[in-house]
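Please treat every number below as a calculation from the coordinates, not as lab data. Everything numeric here is computed off the predicted structure, so don't read it as measured data. Every residue, glycine among them, receives a Cβ derived from its backbone with ideal geometry; neighbour counts consider all protein chains shown.
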């Protein structure tokens with residue numbers, strides 16, 4: 001669920017490109033359980049998400065498509081190479097090179113002795 005919600009909000013707020021594969025699309029949540037006589041329990045879908053404009057229910061069964069589709073090869077990932085992470089880092093570095101971020105100097109420290 002959080003993988004869907006974070007990716008959706010990340011895109012909605014324009015924080016940057018999403019790299020990877022489509023998220024799962026399972027965002028309907030449960031709260032508490034219903035006990036059964038045999039000691040088991042039943043979870044029931046109870047709540048979901050709607051868009052920021054409150055026009056429609058979102059993500060359930062659909063997920064979030066990436067801006068840049070990259071698949072991780074299981075053998076390469078097992079060997080320590082994460083192609084999705086590497087591509088995301090490359091995208092960030094390219095954006096920083098094209099538009100460097102200027103970090104301002106902090107103001108003079110206040111004199112707290114007074």
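Data for the structure
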| read-out | value |
| --- | --- |
| Ranking of 109, 47, 8 by count of other Cβ atoms within 10 Å, fewest first | 109, 47, 8 |
| Correct option for Kirkwood radius over Cα pairs in Å [calculated from the coordinates] among (i) 18.2; (ii) 14.2; (iii) 15.4 | (i) |
| Using alpha-carbon coordinates, inclination of helix 83-98 to the longest axis of the chain, degrees | 30 degrees |
| Estimated Rh, segment 1-49: Kirkwood, alpha-carbon pairs, angstrom | 13.1 Å |
| Relative contact order of segment 1-47, defined on C-alpha pairs under 8 angstrom at six or more residues apart (%) | 33 percent |
| Alpha-carbon centroids, segment 27-46 and segment 1-17: separation in whole Å | 28 Å |
| Computed over the chain: relative contact order in percent, which uses C-alpha pairs under 8 Å that are six or more apart | 25 percent |
| Helix axis angle, 2-12 relative to the chain longest principal axis, alpha carbon, degrees | 50 degrees |
